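Presented below is the structure to which this report refers.
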Amino acid sequence: MSSGPNAPENVEASLTNWSPYEVPKVVWGLIEPYFEDKYKIEVAKSYPKVPVKKPTVCWRTFDRTPGPPGKSQAQGTGPSYAYYKDRDASGRIIEIHEQRHRTVYEYAVFADSNEVVDRLAWDMEQAILQATGVLQQRVPGFTLAFMQQVGDGSMIWRQQDDLIVRTLRFIANVPVRYERPVQELRYVAINTSIGREFTNTGRITRTSSSTSFYVPVATGERVVGILAVFRYENSRLVPLEQGVDYKVKTDSDNLLYIEWNDDYGVTPAVDSEFRVDYELAKLVKSSIT
């Protein structure tokens, strides 16, 4: 099976299972030509313990936690359903299950002078952030942001005081996807309610970066339940996970609304389309004559 963002740039490439350990190497592959041309930099397999003779970079995975913190207990224990992919020759449904890993990566850059290492560290930080956009196109749901520069004397592997080094940490949300074949369950669902209507918004566009969304309804109508939320990938509906991608909340007027989790969830981008399935209660009027 092809692996991760190094796979050919097609639909299948974004569905393959790739390891969070690949991320630093893949990022470096995207920015290496620039640094090779400008700094003649080399990659070290381990942290140098003596002063280097030429600019050097190395990296490691500093910390990894499955599941967005505090967002979904299920995500912390394993992959959960993401969306339907296909049906195989045996008639089984192929589902994509996804687990997200909150991962901290560390890049250490070494040089033979403070002037060079400062310039190199700044260029490295900016280049890594620019490479993130390419990865987001290949792996939907991937995010990466600068976290901090670590004090040079704080690492236990620092052996020599005369090593000139800058250590950069980045925090990433890495989605890992798995294909799971399941037997199709054929059933008929009958929903019975009084004074309620099950409906959906159809294709609707997210028009702002606000994290709050109220389902538009007519005067006298009220949303009494959010049943499901989907985002569109081209013409395909991709279900979102409540508690991870969004939450259903109630405001001070007792009105239901959706709160997007833009920090860790795979939410609809501004100007992209989504759909909400919801339960609607219509205003009932009665009169006595």
When we measure straight from the Cα of K247, which lysines land under 21 angstrom away, once same-chain ones fewer than 8 places off are left out?
-> K71
Given a Förster distance of 51 angstrom, what is the FRET efficiency for V50 paired with Y178, based on the Cβ-Cβ distance and rounded to 0.05?
-> 0.75
What are the principal axis extents of the Cα atoms in the stretch 191-261, in Å, biggest first?
-> 35, 29, 23
For K25, go through the lysines and keep the ones whose alpha-carbon is under 21 Å away, minus same-chain ones fewer than eight residues off.
-> K38, K40, K45, K54
Label-to-label distance, nm, for residues given as E36 and N200 (7 Å Cα→Cβ offset) | 4.8
Cα centroid of the stretch 84-153 to Cα centroid of the stretch 222-266, whole Å = 26
Computed FRET value (nearest 0.05) for Q126 with E273, which takes r as the C-beta separation and R₀ as 41 Å = 0.80
Would you grab the residues whose amide H sits under 5 Å from the one on W18? Only those 5+ places off in sequence or on another chain, please, with H modelled 1.01 Å from N.
-> G4, R177
Going highest first, how would you order 40-48, 26-34 by mean Cβ packing within 10 Å?
-> 26-34, 40-48
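Here, each number is a calculation from the coordinates, and none is a lab measurement. As the structure is a computational prediction, the values presented were derived from the model and not from experiment. Every residue, glycine as well, gets a Cβ built from its backbone with ideal geometry; the counts of neighbours run over all protein chains shown.
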